[in-house]
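The values are calculated or read from the model by the stated rules, or taken from the named source; none is laboratory data. Values in this document were obtained by computation on a predicted structure and should not be read as measured data. Glycine also receives a Cβ, built like all others from the backbone with ideal geometry; neighbour counts cover every protein chain displayed.
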Ligand SMILES: Cc1ncc(COP(=O)(O)O)c(C=O)c1O
């Protein structure tokens, strides 16, 4: 018998092909997408180090990927938190944040104005797990404090609410929560860390839908929980066990968008303020909801908390919403998401808040006439011309 190893068969050569070399004298400027669901180890010792969670040793895609970690470091730096854990959607991030703090017998207090699917999660799913939920008007600090019980663990609000742009008084909500030993969770999706950083005002857990301002181009999907290291570690454990971590591709795509967050948010904020100023005086517009208008009930609070603007969101009621929407189609499309560089309209009554009863929607100010306007970064004169043309 020859001591030369025999030539492997074609099927073996094919299966083992694709060996790659990591460049040693140069490095890609942009991190590549690590589209491998598993990592190989030279020996058991290295495997043990990987599974034990060495920061630069990955072993299985659902636990962590280099692209996910890169995005997490970037978001933690932007939010000013110790850490962040990325999720497969905003709802996965919010669910993980809730479930990392709450168990059977615990109680959560939430603003009643939260995003419709968050509302449905709190109304329909958490009680099935033995978690009690109180919906309150979080603008009323006394009502918030009065809702706390000995079993309350979490208070949840949105920094700018979807869709009516009410402004959460995060510093005072944090004070009230902490006085009762309660953690404050803030959904910061509408604001983004470019205009508001809840951790600087005492929030403990911060969540985002990544498909909104953080990525900015309606091409990436995911969510994130940011906060102190131990709270993020607990949320990450839920994401891993419930199977809700972000994909490498979505993390990578979000990272590309994130690089221009500051520039985009300046343009979004400027355009939205200019449009709110013009529309509030338009004879065919019944109402505009934007925190930069003096008519907004939290104008003073908003001015103090948001020195760099309010982002690109506003809502409005016009005389004839169906005609307005039709006239804008092709330039400002009806698309039920937000925060793209291009302007879009949405109809909360039939989309984001559909899970609420008609009575609850009306009580919260979400009427069939209400349109949510995600103002993009187009030239402001073109946007104003489009709007004027649709309001004749
Ligand atoms: C304020 C807010 N929070 C959370 C979510 C949920 O995020 P996702 O759709 O990524 O699950 C949304 C979605 O629109 C939202 O607007």
Exercise. Would a scan of the range 115-124 turn up a residue that is farther than 30 Å from residue 346 by Cα, surrounded by 18 or more Cβ atoms within 10 Å (Cβ to Cβ), out of contact with any strand residue (DSSP E or B) (no Cβ under 6 Å at 6 or more places or on another chain) and touching a residue at least 40 places away in the same chain (Cβ under 8 Å)?
Worked result: no
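Would you mind listing the helices (runs of 4 or more DSSP H) fully within the range 1-87 where at least 1 residues are modelled with pLDDT under 95 and over 30 Å from residue 194 (Cα atoms)?
Numbers: elements: 10-16, 44-51, 66-79.
Where helices (runs of 4 or more DSSP H) fall fully within the range 1-87 and carry at least 1 residues being modelled with pLDDT under 95 and over 30 Å from residue 194 (Cα atoms), they are 10-16, 44-51.
Could we say that residue 217 is surrounded by fewer than 21 Cβ atoms within 10 Å (Cβ to Cβ) and either within 14 Å of the chain's Cα centre (by Cα) or not in a helix (DSSP H, G or I) (or both) here?
Values: surrounded by fewer than 21 Cβ atoms within 10 Å (Cβ to Cβ): yes; either within 14 Å of the chain's Cα centre (by Cα) or not in a helix (DSSP H, G or I) (or both): yes.
Yes.
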Seminar exercise, completed: Checked against (1) assigned to a loop (DSSP other than H, G, I, E, B); (2) within 14 Å of the ligand (Cβ to nearest atom), residue 195 satisfies every condition except (2)
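Run down 120, 143, 104 and say which single residue is assigned by TED's automatic domain parsing to the domain that holds residue 244 and over 26 Å from residue 167 (Cβ atoms). Talk me through it step by step, then tell me what you get.
On the way: 120 fails: over 26 Å from residue 167 (Cβ atoms); 143 fails: over 26 Å from residue 167 (Cβ atoms).
Only one candidate qualifies: 104.
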Problem set entry | Of the criteria (1) touching a residue at least 40 places away in the same chain (Cβ under 8 Å); (2) more than 24 Å from the chain's Cα centre (by Cα); (3) on the phi > 0 side of the Ramachandran plot, which one residue 106 fails | (3)
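How many of the residues making up the range 198-214 are assigned to a loop (DSSP other than H, G, I, E, B) and more than 10 Å from the ligand (Cβ to nearest atom)? Working first, answer last.
Restricting attention to the range 198-214, the residues satisfying the condition of being assigned to a loop (DSSP other than H, G, I, E, B) are 202-204, 210-214.
The next check asks that each one be more than 10 Å from the ligand (Cβ to nearest atom); those that pass are 202-204, 213-214.
Count: 5.
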Problem set entry | Criterion violated by residue 276 - all others in (1) touching a strand residue (DSSP E or B) at 6+ places or on another chain (Cβ under 9 Å); (2) in contact (Cβ under 8 Å) with a residue 40 or more places away in the chain satisfied | (2)
